[in-house]
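Okay, so here's the structure we're looking at.
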Amino acid sequence: MLACSVFGLISAIPLWAQLNEGHYYLRKIPDVRLVLATGEQTTLYSLIRSHSILLTLFSARCGGLCSPYLLYLKQAIGTTPQGYAVVALSFDPRDRLEDVRATAQRLGFTDHSTWRWGLLLQEHVPRLLTALGYSVHYDSTRREFDHSIMLCVLDQRGNLLRRMEGFQDPVLVWDLVREARGEFVLSYPIPGTDVALRCFELDRETGHWRLSWGMALLLVPPISSFALAITLQLLIGLRRRR
Amino acid sequence: MTALDRLTATWIITVSVVFPIAILFGILMRLNQANVLELSSLTFYSLMTAHGLLMVGIWFVMSMAGVSYLLQRYVNVQVWPATVGYVLTLVGVGLLLAAIFGGDLHTGWYFLYPLPFYARTSEWATLVFLLSLGSLGIGWFIWSLGLLVAILRRYPLTQALAWQHLLGKSTPETPPFILITTTTLLGLIPAFIAAVILLGLFLIQYASGATQDALLMKNLTFFFGHTLVNEMLYFGIATLYELFPALAGKQPYKTKPFVALAWNLVLVVVWTAYFHHLYMDFVQPTVVQYIGQLASWIAPIPAVAVTTFSVLGTVYRSGMKWWLAPTFFFAGVMFWIIGGLGAILDAIVANNFVLHNTLWVPAHFHTYNLLGNVLFSLGFITWFVREKSGDDGSRLYRPVTTLYLLGGVGFVLAFYIAGSLSVMRRVDKYPAFVSDGHLWALVGGLFALLVLAAVVPFVIYVLRRCWRVVFSA
């Protein structure tokens, strides 16, 4: 039921906002304050000082997708990141450090040196969520948050490099890992409905592409040139005959 | 003096005034990269945009003005299309400078999408920049069309393209100047049409906010930009084919079948060579990348090979009297080969992965522009000045050629060496770990000062004589 409501929420986000990763690309993420599960008070930027990070948000009290999503990330990424760090932060104002630790333990993260678990300071939560495009809505009847599930990559300057919503093919999750490691990862906006002329179209189901009218448009200039020259030639010939 | 004499002299004056200013912009950029100056990033990129667009613009119009003037030897050239071209060029350049220095437009000369919407501090700069592009494009399109009509009135299209020579017939004869000018004009017109489409898409986004396909916009930008830069070189070559044999005291060149084949090949292939600018765009279909690779080899080789052998054959045992014009033409061809080779090396996919974002790129395009195309136009200018004033600038010959060539070679060499050391391009300040960048920027800047020292007296010499042409009875 809750899963339906979460997916419903995601699908309610305008199509362009979901697909247009470029909308968030290189967006500067604020340096918010947080408390790590170890009790250490720190800031987001101090976590990215030595590595790029994969960042995800959760609520320890979430009875819906948070736990399955964190488990899915654990399976896809593993527990011992190398060349990058994984940071999971609670955005829920009701969560305490004990809740965050309990969530980590329940999911099998007993060693604090693997993923970094923490709690956002409440006054900083809205700024971070807005910057990440992370939607949260409190449902008072269920006393639960309807919220996005999302993984993103932040570079060492606090720029958002990648952002992925929902459960996706683990291959795509690894694209984020490679990005965090500083590898060159190919990316291109998925065709939306807001661009009239594209060089090619991508079939999102099969992954196949085909040439489109944009590419055909590139033939117009040379063809026009010959057509123009021939027309001029004919007009000059006609005029000469008259 | 005829109206065309005056218009040509006006073009020369305009270009001669802008040239040292644009050089100065370049020197300021290099000295900033050398940490001798401290320009703000915004100032640096504004100067980079102005330097690139002005240099491409003035030497394109100058090469076309030279061709327009020489074309009257064969056909009846009407002055009004060139006059429209001149007026709209002035309007376009005025708007462009307003956008750059008034609205802080700093897109670089490629103005790659979507930079014109972001790389400025005032929103109006985007619209003014697009209007300037429109003014330049329309002016040059009308001028090109005027020249094409003038040729077609005398030579049918197939004859203008020398197809009868391709079939082995020697009559009717198509002079090489007509062949090269026709292929260049037919090559240019699609570039202007691409610019019109590009401009339309930019304006649609400006008016409605609808985004465009970045890949399509980049393809259109380079269809326009790369083709324009190549064709202006070919205009320079046309001028050389027309004037160089006479300067060596030899008979005019004839259009042989291999010459006709080379230039007809250039006409078609030059439209696809620009694909090499998109090697890094992995979404471009792979087959297109192969076409770009092949076209990059095919496009320059016939023209360069035919021209080089023709020029060397002309000079050999000619007893050529070397003065400014033949020296400029000869040096221009030699450096065109070197710059072309640098460009072909960069246009090989495997090399491009290493060289693409390094100073190797400005190295090769400055070689075939500063030491190639510009020299072809300077050759025409000195020839024109001698025709109209009788003064061949003999007093300037040694200092100007020595300073220009020495300065030019040192300047591009600094780019080549820095490029081979992987120093990045398009940055206002090099990070500490790119210490080679500072050194070679300083070397380049100092050699560029030599070029400026050569250009200033040359410009004064040209201005004084062309002024008289414009205001003669």
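Could you list all residues from region B:126-175 that are β-branched (Val, Ile, Thr) and under 16 Å from B:LEU71 (Cα atoms)?
Answer for region B:126-175, where residues must be β-branched (Val, Ile, Thr) and under 16 Å from B:LEU71 (Cα atoms): B:VAL149, B:ILE151, B:THR174.
Pairing each residue of region B:202-227 that is farther than 28 Å from B:GLY187 by Cβ with any residue that is among the polar types (S, T, N, Q) and part of a helix (DSSP H, G or I), provided the two are 6+ apart or on different chains, yields C-beta distances under 8 Å for B:TYR206/B:THR126; B:THR211/B:GLN205.
Can you find a residue that is assigned by TED's automatic domain parsing to the domain that holds A:LEU36, under 17 Å from A:ARG181 (Cβ atoms) and either modelled with pLDDT of 95 or more or acidic (Asp, Glu) (or both) anywhere in region A:87-106? Taking every residue of region A:87-106 in turn, at least one turns out to be assigned by TED's automatic domain parsing to the domain that holds A:LEU36, under 17 Å from A:ARG181 (Cβ atoms) and either modelled with pLDDT of 95 or more or acidic (Asp, Glu) (or both). Of all the criteria given as (1) over 27 Å from the mean Cα position of the chain (by Cα); (2) at pLDDT 90 or above; (3) assigned to a loop (DSSP other than H, G, I, E, B); (4) not aliphatic (A, V, I, L, M), the one not satisfied by B:THR158 is (3). Within region B:108-125, does at least one residue satisfy the condition of being assigned to a helix (DSSP H, G or I) and under 22 Å from the mean Cα position of the chain (by Cα)? Taking every residue of region B:108-125 in turn, none turns out to be assigned to a helix (DSSP H, G or I) and under 22 Å from the mean Cα position of the chain (by Cα). Screening B:THR314 on (1) polar (S, T, N, Q); (2) crowded, with 18+ Cβ neighbours inside 10 Å; (3) over 26 Å from B:VAL18 (Cα atoms); (4) within 22 Å of the chain's Cα centre (by Cα) shows it passes everything except condition (4). Filtered by the rule that a residue be touching a residue at least 40 places away in the same chain (Cβ under 8 Å) and more than 17 Å from the chain's Cα centre (by Cα), region B:18-28 gives B:LEU24, B:ILE27.
Scanning region B:419-451 for residues that are surrounded by fewer than 21 Cβ atoms within 10 Å (Cβ to Cβ), closer than 23 Å to B:HIS106 by Cβ and of a type outside the set (Lys, Arg) returns B:MET424, B:VAL427, B:ASP428, B:TYR430, B:PRO431, B:VAL434, B:HIS438. Scanning region A:127-148 for residues that are surrounded by 12 or more Cβ atoms within 10 Å (Cβ to Cβ) and under 21 Å from A:LEU34 (Cα atoms) gives A:ARG127, A:LEU128, A:LEU129, A:ALA131, A:LEU132, A:GLY133, A:TYR134, A:SER135, A:VAL136, A:PHE145, A:HIS147, A:SER148.
Determine which member of the set A:LEU176, A:LEU154, A:LEU161 is within 19 Å of A:LEU26 (Cα to Cα) and modelled with pLDDT of 95 or more.
A:LEU154
The combined condition, being among the aliphatic types (A, V, I, L, M), outside the structural domain of A:LEU172 (by TED's automatic domain parsing) and under 42 Å from the mean Cα position of the chain (by Cα), is fulfilled by A:ALA216.
What about B:LEU378, is it of a type outside the set (Ser, Thr, Tyr), within 21 Å of the chain's Cα centre (by Cα) and under 19 Å from B:SER420 (Cβ atoms)? So B:LEU378 does not fit the description; no.
Do we have any residue at all in region B:142-152 that's over 30 Å from B:GLU173 (Cα atoms), surrounded by fewer than 20 Cβ atoms within 10 Å (Cβ to Cβ) and either in contact (Cβ under 8 Å) with a residue 12 or more places away in the chain or away from chain A (no Cβ under 14 Å) (or both)? Within region B:142-152, not a single residue is over 30 Å from B:GLU173 (Cα atoms), surrounded by fewer than 20 Cβ atoms within 10 Å (Cβ to Cβ) and either in contact (Cβ under 8 Å) with a residue 12 or more places away in the chain or away from chain A (no Cβ under 14 Å) (or both).
In region B:29-57, which residues are assigned to a helix (DSSP H, G or I), crowded, with 19+ Cβ neighbours inside 10 Å and among the aliphatic types (A, V, I, L, M)? Result: B:MET29, B:LEU31, B:LEU47, B:MET48, B:ALA50, B:LEU53, B:LEU54, B:MET55, B:VAL56. Looking at region B:386-398, is at least one residue in a loop (DSSP other than H, G, I, E, B) and either of a type outside the set (Asp, Glu) or modelled with pLDDT of 95 or more (or both)? Within region B:386-398 (the criterion being in a loop (DSSP other than H, G, I, E, B) and either of a type outside the set (Asp, Glu) or modelled with pLDDT of 95 or more (or both)), the answer is yes, since at least one residue qualifies. Scan region B:79-93 and give yes if some residue there is free of Cβ contacts under 8 Å to residues at least 60 places away in the same chain, surrounded by fewer than 17 Cβ atoms within 10 Å (Cβ to Cβ), out of contact with any Gly (no Cβ under 6 Å at 6 or more places or on another chain) and within 19 Å of B:MET217 (Cβ to Cβ), otherwise no. Within region B:79-93, not a single residue is free of Cβ contacts under 8 Å to residues at least 60 places away in the same chain, surrounded by fewer than 17 Cβ atoms within 10 Å (Cβ to Cβ), out of contact with any Gly (no Cβ under 6 Å at 6 or more places or on another chain) and within 19 Å of B:MET217 (Cβ to Cβ).
The values are calculated or read from the model by the stated rules, or taken from the named source; none is laboratory data. All values reported here derive from a predicted model rather than from experimental measurement. Cβ: placed from backbone, ideal geometry, glycine included. Neighbour counts: every protein chain shown.
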